[in-house]
Structure formats: structure tokens, C-alpha cells
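Structure first, commentary second.
FYI, it's all coordinate maths here, none of it is from the lab. Everything numeric here is computed off the predicted structure, so don't read it as measured data. Note that we place each Cβ from the backbone using ideal geometry, even for glycine, and neighbour counts take in every protein chain shown.
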Amino acid sequence: MIGRRAFLGTVLGACAAWPLRSLPAFADLPSHIRPAPELSKALGTAIAAYRKEDLAAGDVAALSLTDPLARLVAEWVALRTNPEKAGFDRIAAFLSQYRDWPTVSFIRRKGEEALYRDKHTTPEILSFLGAQQPLTPTGRYLKALALQDEGRVKEAADTIRKSWREDSFSTELENNILERFDEALTTGDHRERVETMIAQENWAAALRAAEKAQSSVQALAKIRIAIGKRDADAEKLLKSAPASLKAEPGYILSEAQFLRRADKLEDAYQALARFPKDQTPPRPDEWWTERRVLARRLAETQKLDLILDLLKPRPGMNAAALADAAFMSGMFTLDLSGDAARAENFFSDSEKKATIEAGRIRAAYWIAEARKAQNLDAREALTRAARAPLSYYGMLAREALQQNKINFRSAPEPDFDRASGDPLFQAITLLLDADAGDFIAPIASDFIQRAPDAPTLSALASLGAAYRDLRLVTIAGKAAQQKNYGFDFENWPIDGFPLPENPPLERALIYAITRQESSFDPNAISSAGARGLMQLMVATAQETAKKANMNFAAEKLTADPAYNVTIGSAHLAELVEDWGGSYCLAIASYNAGRGNVRRWVAANGDPRDKAIDPVRWIEKIPVTETRIYVQRVMENLQIYRARLEGQGETSLRDDLKRGASL
């Protein structure tokens, strides 16, 4: 974790003077909101010890804190970083006094685990849990035990049955549940648990649950697990299943998955078609996911009738799925049949059903495209899409309307007096001044929820800017966008970013990638292990550093933001070069890897080909995360280019065709 002062030193050496509006500097902060230096130093000392899991040393440092809020913040950090060492009594004391403090749910979860670990009594368990529902499987088990001990047998059984159906357990906890509540669990409970564990790919737990159920459940579980694990005998198990199993929804879904993976796409469609269309399947979201994935694969066969059948509304589909299905139906109809009138109807249906503004903007843009294909006036639909001028489809619509000038909206003057009256704002300031900015996100989230107006939220953004914490500035900027306050400079910040002195490619693209990857959090580590501002995998960073003749140190990917951006921008430049200057393909590769992008080019053509519409090509990307990622980065690019270079007009469609020479 890099400290604020060290980070500022890095930034001042790396950044140029920006041509557009700069955000406040530290000197611009009102003096009354700045913590006393000795207070920040003492808090920083305590937090540094807590980070190292030295609870005793942290507590000693915290004893010197005379400010009540600083003591609260220190204790909160202690319990977040050292909950096991702190123990149940300390956790319970904090929760009893500060139950509304941010992220108490995390601390409460640790309290439930401590209750179990320390073997507390029934009265203590019920006192701690109170009327609230437990937050962890451990807590639910403890509540069931306590209810059982009090003679409330039905309540205990209901609690444990729900947990058994829905939760993952440690082996020890699972054994304890079976020892104390085996008779309360039904065959239906075991069957539902099998489904849950298979969905979570917890194969061992699924098999154990199946052993408690009927023999047919065991047989089906073995088939589904073999398919899920892609075992060599999966096909044999499928074919040898008795007829009674082949009508089971779980069998049908797993068979379709197996056939799709084997590239037997029409057979996979026929498998799914066996499930009655007027019935709600178990776990409808899983069925929609499979139908959506198969529909995209079936585009390879040009079988539009099969695709549209898969995308028809079914019982159990949520509103977002219905809107997405209608949109996909329009895209495939336009692409595979050229029936633009029919496609327009699908897009109109999607626009009506969309649950978020981005979905409505996307649908409106494609209504316009469908109308153009019919030689009809598209301006009304384009105007609807242009309502979101800083979004991907909004920009494309505005360019089509020749209204591609970017007009930035500024935040109002910050109301520091009102903001600083909130203890959460004070806590954020303390953490920033104590070089502990990586703890601020949950506190900022709660502050944003109760910020009464734009000037108060502007104070939060200005605080982040003053400390050159782009992470906080972006949090405030995105929140302001959701509240329709504007804050465009804060939503796409530039000041405080450690850009290399001579970057190997366009600066705006580096900013655009970084905002999408980490929202400017230098300490970010993804579940896959990607690290730092530009979310670099260690192996990729090491290979890139070697090519650039740089010394490599994995820990610097989070400890040194400038180091991360230097390697990340070199990797990005390499991808742009690999794809002949194509931003579209380079961005997709940054997210999904070169190999996947090569496969998509082979399947859907090359967006650099002048005959291929890159907007359509991006919509054909089969991985939802990557498809959205490319769109977000491309919109970020337009905004950052305007901010960094003073270019006031978007050129999104031109950027999508970069590298075109085919």
C-alpha cells in the first residue's frame, strides 16, 4: 500500500500540466477540516500495525488517540484487519455501540464466526443475534442450535433447512449440522442442496448431499458433476442414464451444456426444447444463461428460427433477461435475415422492457439502424439515444446527428461546512491524512447515500482531489452521475495519475483502460489475481517488463502506481501494435486475451475490414464482460481525449475503425 505523501511525490514528477479544468489542491482545503498532524500521525501508526496483523502494537498506538472519532476509526480498522485476534467480546462491544457504522455487516459476520469458535452459550448466542437474521452459515447454525435448546423445535428446523438448501459449509460445520439436525432434513432438502452445490461447482459437497437423498438423485448428480467437471466419462454417463432421469430438468440442462461444448449445437437446442415452454425451470437464471450462450453459438449455423425460439420469453425470466432477449432477437434478425422491420419490432420491445437507461439508449440506437436499413427516417430514435451524450451509444447517436461536441458539466462549489458536519466525512479525511485511503470506499458509499445535495457530494470529490486520491474522486463522480448531478470532471479525473513521461501510446487510452480496470485504485487486486491501477496479471507484467528491459518485482504492481502504469501501458501498446493499430481489438485482448479475440475474428470477421460494421462486431462478442468492457473503454477514450488534448468532439466511429486496411 503506497502512502499519500509518497504517491504525491511520484505524481508530481510524472504528470504534465493539463489543459482543462483542474481539481482542487491540498492547499485549497479549508483549514478547519484538516486533521491535526499529530492526530494523523498517531492514527497512521496504529493502522500500520493493524495492517501487519500486530493487534497489540496497534492498540498501544491507538491509546494515544484523544479524539473520539479517531479512536472509533482505529477500532474499526482493527476489527476489519484482525477480527480473529480481537475476539468475540471486542466485536460485540463495537457492534452494540456503532451498529450503524459502515460495513458493520463484515464485522458482524466475524462476530458470528467467533461465537462458533469460542463456543458461547445459548443466551449469549440469542443476545448477539437478536431479532436480526444471521449473515453467515455459521450464524444460522448457531441460531438453530439455540432455538432447539430453548424448545423451539420447528423454528430451529426451518432455520437449518433453509441454510442446508442455500449455504456452503466447511466440512466440520457440515458434519455438525448432520449430527444435530439430520432428522429435520428431508429428501427434498438434500435434493435442493445438490442443485445449489452443482451451481456453485462444489462437486464434493454435491455428492455428499446426493448420498443423503434417493438413488435417482445420486445418479443424476454423478452425471451432472461429470459434465460440470468435463470428465472423460461424461458422455457415457449421459447415454446410459435411464429414461426416468432424462426427463429431469437438471439432466436436460446438463445435456445441453455438454452438447454445446461438443459443438453439437442443434442437438443442444433439441435437448433444451424437451423442457416444457410453459413451465418455470428450477433456477431460471441458469437456464436463461444457457439459452443465451447457445443462441450466440447457433449464429454460426445461420439457423435464425432456432435462435429466436431460444430467445422467446419463458416463465421465470426476470425483467433484465426479457429486455436482453428482445435485443438479441433484433440483432440476430438484422444480421442473419436482413429483415429490418422485424428487427425494429424486437428493438422497440427491448426499449420498453429495459430496466436501466443504458439498455434504453442501446435499443434506441439500434431502432435507428433498423430504420435506416428500411430507408426510413431515424432521427427520432437517434435523438432518444443521444440523451446520454457521454455514453457509448449516446456518442454514436450524436455523431450520426452531427452533434458530436462534448459539453462537460462542472460540479458546484463544494459545501465543506455541511459535509464536514458528518462524522463519515470526518472519518474519510482522517483516513486520507493517515495514508490509509484504501479503507475509505465503504465509508464514502454510506456518506454518498445520505449526502443531501450536489454541493455536499462535491465536497467529497474535492477532498479526494486535494489528496490526489483518484479512487475517491471517481467514486464521487460516478455517484453524481447516477444522481444526475453532472460532475463530469470528477467522473473522469486526470490530476494525480502517474503517467509515464514519454508514454508509448495515446495518453487518453491509458486513462480509459485504467478507469475501467480499477477505477484508479492503486491497491486493487481482482479475484483472478490482477493487480494495481491497470490490473496486471503477474505473469503478463513479468513478461512485459522483460521485453522492456525493466527489473521486475511483483509487489511493486500495487506498491508503486507509476511502475504499474509503466508496465501496463507497455503491454497495451504491444497489443495495439499486434493488431495493426486497432484499438477495438487491442482493448478486447487486454480484457479477454489475444487467443479469444483471434477466435472471435475467425468466427465473426475482422472489424478492421471496411465491409464490417465494428459496432455490430462488438455486439457479437460472446463474453458479456468483454463486450461491455470494450464499449466502456471506447467511451472513456473520447472523454479523456477531450480532457487531455482539448479536443471537443468525439470521433468514436473513427476510433472503432482504427487499423482498417483490409
>> At 7 Å along Cα-to-Cβ for each site, give me the label-to-label distance between LYS312 and LYS236 in nm.
In response: 3.9
> For labels at SER410 and ARG387 in the simple 7 Å Cα→Cβ model, what's the distance in nm?
Replying inline: 2.8
> Using +1 on the beta carbon of Lys and Arg, -1 on that of Asp and Glu, and nothing else charged, what's the dipole of the chain about the Cα centre, debye to 20?
Replying inline: 1220
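Per 0.36 nm of contour for each residue apart, how much would the distance between ALA93 and MET550 grow if the chain were fully extended, relative to their Cα-Cα spacing?
Values: separation 457, 0.36 × 457 = 164.52 nm, distance 5.02 nm.
In short, 159.5 nm is gained.
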>> List the aspartates and glutamates whose Cα sits under 12 Å from the Cα of LYS303, skipping any in the same chain fewer than 8 residues away.
In response: GLU266, ASP335
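Using a 10 Å cut-off on Cβ atoms, rank the peptides 74-80, 416-422, 360-366 from the highest mean neighbour count down.
Values: 74-80: 22.4, 416-422: 17.0, 360-366: 25.1.
Listed from highest to lowest mean packing, they are 360-366, 74-80, 416-422.
Based on the Cβ-Cβ distance of ILE33 and ALA243, what FRET efficiency does E = 1/(1 + (r/R0)^6) give at R0 = 60 Å, to the nearest 0.05? The partial results should precede the final answer.
Working: r = 73 Å, r/R0 = 1.22.
That pair, ILE33 with ALA243, gives E of 0.25.
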> Which of the peptides 29-42, 533-546, 370-383 is most tightly packed, and how do the rest follow, judged by the mean count of other Cβ atoms within 10 Å per residue?
Replying inline: 533-546, 370-383, 29-42
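Pull out the extension gain between ASP267 and GLN302, defined as 0.36 nm times the separation in residues minus the alpha carbon to alpha carbon distance; nm, one decimal. Write out the running numbers ahead of the final one.
Details: separation 35, 0.36 × 35 = 12.60 nm, distance 1.49 nm.
The span from ASP267 to GLN302 would gain 11.1 nm if fully extended.
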> For region 214-317, what's the radius of gyration and Dmax over Cα atoms, in angstrom?
Replying inline: 13.5, 43
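Which peptide among 638-644, 261-267 comes first, and what is the full order, when sorted by highest mean count of other Cβ atoms within 10 Å? List each step's numbers first, then the result.
Details: 638-644: 22.4, 261-267: 13.6.
Output ranking for 638-644, 261-267: 638-644, 261-267.
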> In the chain, with Lys and Arg counted as +1 and Asp and Glu as -1 at Cβ, which of these residues, SER589, THR566, ASN604, has the Cα nearest the positive end of the dipole, that is, farthest along it?
Replying inline: ASN604
> Over the chain, what relative contact order in percent results from Cα pairs under 8 Å that are six or more residues apart?
Replying inline: 13
> So which of LYS41/LYS119; LYS119/LYS154; LYS41/LYS546 end up more than 31 Å apart by C-alpha?
Replying inline: LYS41/LYS119; LYS41/LYS546
> Whose amide H sits under 5 Å from the amide H of LEU536, counting only residues 5 or more places off or on another chain, with H placed in the peptide plane?
Replying inline: ARG531
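Which shape class applies to region 507-656: rounded if a/c is under 1.5, otherwise prolate when a/b exceeds b/c and oblate if not, where a ≥ b ≥ c are the square roots of the Cα gyration tensor eigenvalues? Let's see the in-between values first.
Working: a/c = 1.86, a/b = 1.41, b/c = 1.32.
Verdict is prolate for region 507-656.
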>> Below 8 Å, C-alpha to C-alpha, sequence gap of six or more: please give me the relative contact order for region 507-656 in percent.
In response: 23
>> Could you tell me how far the Cα centroid of region 76-119 sits from the Cα centroid of region 448-507, in Å?
In response: 32
> Which of ILE628, GLN270, LEU145 sits closest to the plus end of the dipole of the chain, meaning its Cα is farthest towards the positive end, when Lys and Arg get +1 and Asp and Glu get -1 on the C-beta?
Replying inline: GLN270
> What nm value, rounded to one decimal, do you get for the distance between LEU135 and VAL60 when each label is placed 7 Å out toward the C-beta?
Replying inline: 3.1
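Quick one: if the Förster radius is 45 Å, what FRET efficiency do ARG80 and ARG180 give, using the C-beta to C-beta distance and rounding to 0.05? Write down the numbers at each step before the final one.
Numbers: r = 32 Å, r/R0 = 0.70.
Rounded to the nearest 0.05, the efficiency is 0.90.
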> For GLU649, which sequence-distant residues (separation of 5 or more, or a different chain) have an amide H within less than 5 Å of its own amide H, given hydrogens modelled in the peptide plane?
Replying inline: ILE406
> Picking from PHE332, ILE639, ALA454, whose Cα lies most toward the positive end of the charge dipole for the chain (charges on Cβ: Lys, Arg +1; Asp, Glu -1)?
Replying inline: PHE332
> Short version: ³J(HN,Hα) in whole Hz for each residue of region 426-438, in order, from phi by Karplus 6.51 cos²θ - 1.76 cosθ + 1.60 (θ = phi - 60°), x for Gly and Pro, what are they?
Replying inline: 4, 5, 4, 4, 4, 5, 4, 6, 9, 6, 10, x, 6
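At 222 nm, what helix-only mean residue ellipticity would the chain give, in deg cm²/dmol to the nearest 500, using -39500 (n - 2.57) for each DSSP H run of four or more? Please report the intermediate quantities before stating the final value.
Values: 40 runs with 431 residues, N = 662.
It lands at -19500 deg cm²/dmol.
Would you tally the net charge around ALA588, using a Cβ to Cβ cut-off of less than 10 Å, leaving ALA588 out, and scoring K and R as +1, D and E as -1? Please report the intermediate quantities before stating the final value.
Working: positive: ARG594, ARG627; negative: none.
Net charge around ALA588: +2.
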> Considering the values (i) 57, 27, 22; (ii) 41, 41, 23; (iii) 35, 31, 28, which represents semi-axes √(5λ) of the Cα gyration tensor in Å as calculated for the structure under consideration?
Replying inline: (ii)
>> Under the 0.36 nm per residue contour assumption, what length would be gained going from the current alpha-carbon distance of ASP446 and GLU53 to full extension?
In response: 138.8 nm
>> In whole Hz and in residue order, list the ³J(HN,Hα) couplings for region 160-165 that follow from phi through the Karplus curve 6.51 cos²θ - 1.76 cosθ + 1.60, θ = phi - 60°; x for Gly and Pro.
In response: 6, 5, 4, 5, 4, 6
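List, in the order given, every pair from LYS353/LYS405; LYS620/LYS657; LYS162/LYS246; LYS372/LYS620; LYS110/LYS229; LYS110/LYS212 whose Cα-Cα distance in the structure shown is over 24 Å. Mind showing how you got there, number by number?
Numbers: LYS353/LYS405 30 Å; LYS620/LYS657 16 Å; LYS162/LYS246 28 Å; LYS372/LYS620 20 Å; LYS110/LYS229 33 Å; LYS110/LYS212 31 Å.
Pairs exceeding 24 Å: LYS353/LYS405; LYS162/LYS246; LYS110/LYS229; LYS110/LYS212.
Specify whether the C-alpha gyration tensor of region 55-207 places it in the rounded, prolate or oblate class, a ≥ b ≥ c being the square roots of the eigenvalues: rounded for a/c under 1.5, otherwise prolate if a/b is larger than b/c and oblate if not. Numbers along the way, then the final one.
Values: a/c = 2.79, a/b = 2.00, b/c = 1.40.
It is prolate, given that a/c is not under 1.5 and a/b is the larger ratio.
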